[in-house]
Amino acid sequence: MLVAPSILSADFGNLSQDVKAICDGGCDYVHVDVMDGHFVPNLTIGPVVVEAVKKASTKPLDIHLMVENNNFFIDLFAPIEPEFISFHIESERHANKVANKIRELNIRPAVVLNPHTQIDSIEYLLQDVDMVLLMSVNPGFGGQKFIPSVIERASRLKELIEKRNPKCLIEVDGGVNKQNIELLKNAGVDIVVAGSYVYKHPDGIKSAIDSLKV
Ligand code: DX5
Ligand code: ZN
């Protein structure tokens, strides 16, 4: 299992130290939650801060857009050269066009589904993306409770991926911890995002990351 800690649970007063801590703790990606205050009821960070995250990080960035205007935000973040940019299917009428635009910018495109969006609705988009991110909470905030139906959803997605684009990765985001990591692994999940579990673990960041590497 690859681990992408979410910096949403970091101390923003000590952001560069908190980014270094997850990198030193052995994370695979640094997950960056971009919220616009419209698509989700929360507002986070823009390119000025993400540029600082990039400087502090020794690992590639995984940018998760929770925004209404995907094109605008893709142009804003592309110069920071993240590994992935993911956009929500619920906010995009021209998903295939947006995925191709991200790829033309030399960034790996990913599509995100909210907990109640039909998996089968993206079957014909799978050939255009390198990753599908399944939300296991309603996006907007860290520290929410894991919605267990994501396990069944990941298994269904895995079937479609085998058929349409076997290289496509599955990522799950929200409420991930030691209690659900094995179930996620068995369902075919490749990468987990974890915010509060990693930053608030009583034994420290490194043990938290290690415990998710199943
Ligand atoms: C939620 C964000 C998540 C969040 C995860 O909208 O997309 O990345 O930070 O936080 P935890 O792991 O605390 O649920
Ligand atoms: Zn996220």
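Each value in this text was obtained by applying a stated rule to the coordinates, not by laboratory testing. Source: prediction; values computed, not measured. So basically every Cβ, Gly included, is an ideal-geometry build from the backbone, and we count neighbours across all protein chains shown.
Data for the structure
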| item | result |
| --- | --- |
| Boolean, A154 is in contact with a strand residue (DSSP E or B) (Cβ under 9 Å, 6 or more places away or on another chain), surrounded by 19 or more Cβ atoms within 10 Å (Cβ to Cβ) and either part of a helix (DSSP H, G or I) or of a type in the set (D, E, K, R) (or both) | yes |
| Residue among V32, V40, V49, V19 that is within 14 Å of ligand 2 (Cβ to nearest atom) and free of Cβ contacts under 8 Å to residues at least 60 places away in the same chain | V32 |
| The range 164-211, residues that are within 16 Å of ligand 2 (Cβ to nearest atom), among the charged types (D, E, K, R) and in a helix (DSSP H, G or I) | none |
| Test: residue in the range 118-128 that is in contact (Cβ under 8 Å) with a residue 40 or more places away in the chain, touching a Pro at 6+ places or on another chain (Cβ under 9 Å) and under 20 Å from V67 (Cβ atoms) | no |
| From I122, I170, I191, residue being away from ligand 1 (no atom under 16 Å from the Cβ) and touching a strand residue (DSSP E or B) at 6+ places or on another chain (Cβ under 7 Å) | I122 |
